[in-house]
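Asker: The following block contains the structure, expressed as structure tokens.
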Amino acid sequence: MNRQQRRLLQKKIGANANKNMQEQLNLFHKLPEACSSCQEPFDKTNKEMVKSWNVMVKQEVVRLFCPECVRKANEVVDDFIEKNNIKGVKDDRKPTD
Ligand SMILES: [Zn+2]
């Protein structure tokens with residue numbers, strides 16, 4: 001790889017990194033201002049909230065869930081698994097490598 005090629009590559013990588021950052025920023029601006037489930041207000045300037053709330057992105061649509069709704073959702077799933085006697089589901093959640 002000569003100098004010019006290396007410079008071109010760096011330029012390319014740099015441009016991509018910037019693009020990704022820009023996309024992340026755009027996503028952040030798209031964050032809803034309340035929980036998508038219970039409408040609990042979300043404060044993006046509150047670091048604790050940013051850390052504990054759950055963001056889900058699906059096809060450019062950003063959804064936000066408060067810890068309480070995430071907990072309830074997990075309970076429903078666990079309850080469903082228990083009631084339906086679904087075996088092996090919890091094992092499947094483990095990474096397989
Ligand atoms: Zn909620």
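Asker: Kindly provide the set of residues from the range 7-58 that are within 16 Å of the ligand (Cβ to nearest atom) and of a type in the set (S, T, N, Q), ordered by number.
Answerer: S36, S37, Q39, N46, S52, N54
Asker: Inside the range 59-85, can you point out the residues that are within 14 Å of F28 (Cα to Cα) and either assigned by TED's automatic domain parsing to the domain that holds L25 or more than 13 Å from the ligand (Cβ to nearest atom) (or both)?
Answerer: Within the range 59-85, E60, V61, V62 meet the criteria.
Asker: In the range 46-67, how many residues are at pLDDT 90 or above and surrounded by fewer than 13 Cβ atoms within 10 Å (Cβ to Cβ)?
Answerer: The total comes to 5.
Asker: Still on this structure: Out of (1) modelled with pLDDT under 75; (2) not in a loop (DSSP other than H, G, I, E, B), what's the single condition that is false for V70?
Answerer: (1)
Asker: Shifting gears a bit: So, of the residues in the range 24-44 that are in a loop (DSSP other than H, G, I, E, B) and modelled with pLDDT under 90, which turns out to be surrounded by the fewest Cβ atoms within 10 Å (Cβ to Cβ)?
Answerer: My answer is K30.
Asker: Then there's this: Could you grab me the full set of residues in the range 53-89 that are more than 14 Å from S37 (Cα to Cα) and basic (K, R)?
Answerer: Answer for the range 53-89, where residues must be more than 14 Å from S37 (Cα to Cα) and basic (K, R): K58, K83, K87.
Asker: Another question about this same structure. List pairs: first residue in the range 1-27 and closer than 26 Å to V57 by Cβ, second residue modelled with pLDDT under 75 and of a type outside the set (G, A, S) anywhere in the structure, Cβ distance under 9 angstrom, at least six positions apart or on different chains.
Answerer: Pairs found: none.
The values are calculated or read from the model by the stated rules, or taken from the named source; none is laboratory data. Owing to the predicted nature of the structure, the values given are computational and were not obtained by experimental measurement. Backbone-built Cβ (ideal geometry, glycine too); neighbour counts: all protein chains shown.
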